[in-house]
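Trainee: Submitted below is the structure of interest, expressed as structure tokens.
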Amino acid sequence: MTAIRALASVLLLVLMQSAGALCAQRFRGGRNPQPRRAPHRAERGDATESFPLDFTAVEENMDNFMTQVKNLAQSLYPCSAQKLDYDMKLNFLENASVTCNDGSPAGYYLKESRGSRRWLIFLEGGWYCFNKENCDSRYETMRRLMSSSNWPQTKTGAGILSPLPEENPHWWNANMVFVPYCSSDVWSGAAAKTEQSGYAFMGSLIIQEVVKDLLNKGLDNAKVLLLAGSSAGGTGVLLNVDRVAGLLEGLGHAAIQVRGLSDSGWFLDNKQYHCADCADAAGCSPTETIKRGIKYWGGLVPERCRQTYPGEEWNCFFGYRVFPSIKSPLFVVQWLFDEAQLTVDNIQLTGQPVQEGQWRYIQNLGIELRNTLKDVPAMFAPACLSHEVITRNYWTDVQVKGTSLPRALHCWDRSLHDSRSNKAPPKGCPVHLVDSCPWPHCNPTCPTIRDQFTGQEMNVIQFLMHMGFDVQKMAQQQGMDPSKLLSMLSSGS
């Protein structure tokens with residue numbers, strides 16, 4: 001069996017290399033070109049990133065593994081002929097009483113990976129509404145986020161949901177599940193539609209029902225379940241990861257290792273740059289919208305967090321407050337200068353240079369976020385102005401201290417596996433990665449910024465000048481010559 005497994009490993013490696021050589025490289029857009037700086041990497045003596053083959057799908061079942069090898073061999077054929085079906089397919093929940101806001105059936109998209117014992121359930125984001133008036137407005141302008149009536153039958157995954165190894169080097173062969181956001185409640189609600197509310201808010205119940213349905217589709221044999229999400233979905237992970245683990249344990253599946261991956265959902269309940277009328281979720285302070293929303297939604301929070309903040313359960317929607325109560329392993333991905341956070345803080349980056357007070361506020365936001373993340377063991381926090389990343393096709397390109405996000409997630413997986421096996425953590429495999437530079441986009445691998453009026457890409461210096469960055473003043477603060485500071489910014493130092 002060992003010899004067969006070794007032979008299969010070599011065969012799989014050869015096929016993957018052949019696929020890479022024969023198929024045209026996919027275009028990756030939406031980011032700066034600087035990250036792929038091979039000469040610099042070689043000069044520093046850094047080792048090239050590599051991703052060991054994943055054998056979690058083969059354990060004790062060589063037939064399934066060989067089937068995957070054959071499937072990979074078949075994938076060479078589409079390079080010149082047919083296209084394989086990589087799409088996730090729509091399934092509505094078996095429990096029809098759990099619905100979207102408007103009473104239409106909730107559901108999920110699924111792409112099964114036969115033989116794989118790893119499952120990834122992704123929660124979509126998309127803000128929220130917190131009273132009848134702004135929910136009515138949301139229904140008129142963003143109905144897709146409140147109703148399933150026009151959902152397509154299939155969906156193609158990108159980033160960590162991609163089935164392509166070149167775009168998703170560690171999770172490409174997992175069972176992929178995309179859960180559309182149609183509850184407008186940050187995945188917390190457990191309330192049926194009433195005449196007073198006008199809508200159902202069942203985000204937390206939708207997650208529970210998705211997990212129950214998937215048990216009949218192979219999840220019952222899973223080894224690892226990663227509950228992931230972006231933006232409101234990222235906050236939904238914080239609120240629901242322990243509840244999912246408890247559900248599986250209660251149904252007799254305690255052996256499934258439940259983990260969480262929260263992307264761009266670690267919001268701060270900080271003071272806004274200036275106060276505005278609380279008319280919608282984008283302009284109202286985060287604490288005020290959640291205070292109103294949790295009552296309107298019948299929102300649920302983790303029990304241990306609820307006990308920490310009795311009568312003030314709204315606190316549990318903010319990452320640094322709920323994190324100490326979470327028992328499941330959690331990886332946090334958070335831009336230090338998150339665009340959604342700046343929006344709710346009433347910092348409007350609409351093409352005009354920011355004022356000095358706004359600039360200081362933005363820099364302080366990065367400092368505050370770093371401070372709230374310092375006790376999170378597994379995290380990836382680039383100093384970029386952006387929002388969401390794990391389902392973007394450029395997610396492999398962003399780096400912190402020379403390590404990409406997929407690599408950091410792989411290291412996290414290994415560390416969890418080794419800790420269960422009483423092994424020492426792997427060396428040279430970091431999982432706590434945070435940029436230390438003090439301003440937006442000082443990391444040269446950040447996604448591309450475009451001028452909102454011209455559509456032209458801006459480099460780091462152009463962006464900082466556009467933001468009102470004062471080179472002379474900043475150089476003086478750093479105790480260096482202005483030309484040297486400009487040179488450092490240009491080189492991405």
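Trainee: Summing +1 for each Lys or Arg and -1 for each Asp or Glu, what net charge is found among the other residues whose Cβ lies under 12 Å from the Cβ of K111?
Mentor: Around K111, the surrounding residues sum to +1.
Trainee: Can I ask one more? How much length is gained if the chain between K223 and E303 is pulled fully straight, taking 0.36 nm per residue apart and subtracting their Cα-Cα distance, in nm to one decimal?
Mentor: Full-extension gain reported as 26.3 nm.
Trainee: Sticking with this one: Could you state the accessible area per residue of segment 119-195 in Å², with a 1.4 Å probe and every protein chain left in place?
Mentor: 36 Å²
Trainee: Could you sort K193, K473 by accessible area so the largest value comes first, with the probe set to 1.4 Å?
Mentor: Final ranking, largest accessible area leading: K193, K473.
Trainee: Using Stokes-Einstein with the Kirkwood hydrodynamic radius over Cα pairs, what translational diffusion coefficient do you get for segment 122-279 at 10 °C and a viscosity of 1.306 mPa s, in µm²/s rounded to a whole number?
Mentor: Translational diffusion coefficient: 93 µm²/s.
Trainee: Let me ask something additional. Would you work out the charge dipole size for segment 88-198 about its Cα centre, treating the Cβ of every Lys and Arg as +1 and the Cβ of every Asp and Glu as -1, and quote it to the nearest 20 debye?
Mentor: Its charge dipole is roughly 360 debye.
Trainee: How big is the accessible area of R259 in square angstrom, nearest 10, if you roll a 1.4 angstrom probe over the protein chains?
Mentor: 10 Å²
Trainee: Probe radius 1.4 Å, ligands and nucleic acids left out: which of Y86, Y128 has the largest accessible area, and how do the rest follow?
Mentor: Descending order: Y86, Y128.
Trainee: Same structure again: With every protein chain left in place, what is the accessible area per residue of segment 307-437 in square angstrom, probe 1.4 Å?
Mentor: For segment 307-437, the per-residue accessible area is 41 Å².
Trainee: Using protein chains only and a probe of 1.4 angstrom, how many square angstrom of D375 are accessible, to the nearest 10?
Mentor: 110 Å²
Trainee: While we're here: Would you list L205, L365 from the most to the least accessible area, probe 1.4 Å?
Mentor: In descending accessible area the options line up as L205, L365.
Trainee: In straight Cα distance, which lysines are under 23 Å from K212, not counting same-chain residues fewer than 8 positions off?
Mentor: Reachable lysines: K89, K111, K155, K193, K223, K327.
Trainee: What lysines could a cross-link reach from K473, if we take a straight Cα to Cα line under 22 Å and drop same-chain neighbours fewer than 8 places away?
Mentor: K484
The values are calculated or read from the model by the stated rules, or taken from the named source; none is laboratory data. Here the structure is a predicted model, which is why all the values come from computation and not from measurement. Every residue, glycine among them, receives a Cβ derived from its backbone with ideal geometry; neighbour counts consider all protein chains shown. The protein model used for the area step is the full one, side chains on, heavy atoms only, and it has no ligands, DNA or RNA in it. Shrake-Rupley method; radii C 1.70, N 1.55, O 1.52, S 1.80 Å.
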